[in-house]
Amino acid sequence: MYRVRSIAVALATFVVLLFPAGLHASDPVAVYARIDRVVFGPDAQAPTTIQIFGVFSVATPNDRNEYQLPSRG
């Protein structure tokens, strides 16, 4: 138990020294969607196109943490 704790403390110290400003995770999601319907074309066995219908909110181009108003389509 002591060895695991000392390894954890050493790792935490290393992270704090390596990233003094702290770690910040970005938002990897570019689109939030509520899917109403999916259409496969020309058939479901061998589709060449897919249409997705629902409500979508897309990240703004200059700030990925901000999203545009939801739109139906």
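The values are calculated or read from the model by the stated rules, or taken from the named source; none is laboratory data. Note that this is a predicted model, so its numbers are computed, not measured. All Cβ positions, glycine included, derive from the backbone under ideal geometry; neighbour counts span all protein chains shown.
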Condition check: surrounded by 10 or more Cβ atoms within 10 Å (Cβ to Cβ) and modelled with pLDDT of 90 or more. Does PHE14 satisfy that? no
Considering only segment 64-72, I want to know if a residue exists there that is assigned to a loop (DSSP other than H, G, I, E, B), at pLDDT 65 or above and loosely packed, with under 10 Cβ neighbours inside 10 Å. yes
Can you tell me how many residues within segment 17-63 are in a loop (DSSP other than H, G, I, E, B), at pLDDT below 85, aliphatic (A, V, I, L, M) and more than 22 Å from the chain's Cα centre (by Cα)? 2
Selection from segment 46-73 of residues out of contact with any strand residue (DSSP E or B) (no Cβ under 9 Å at 6 or more places or on another chain) and within 10 Å of ALA30 (Cα to Cα) yields PRO61, ARG64
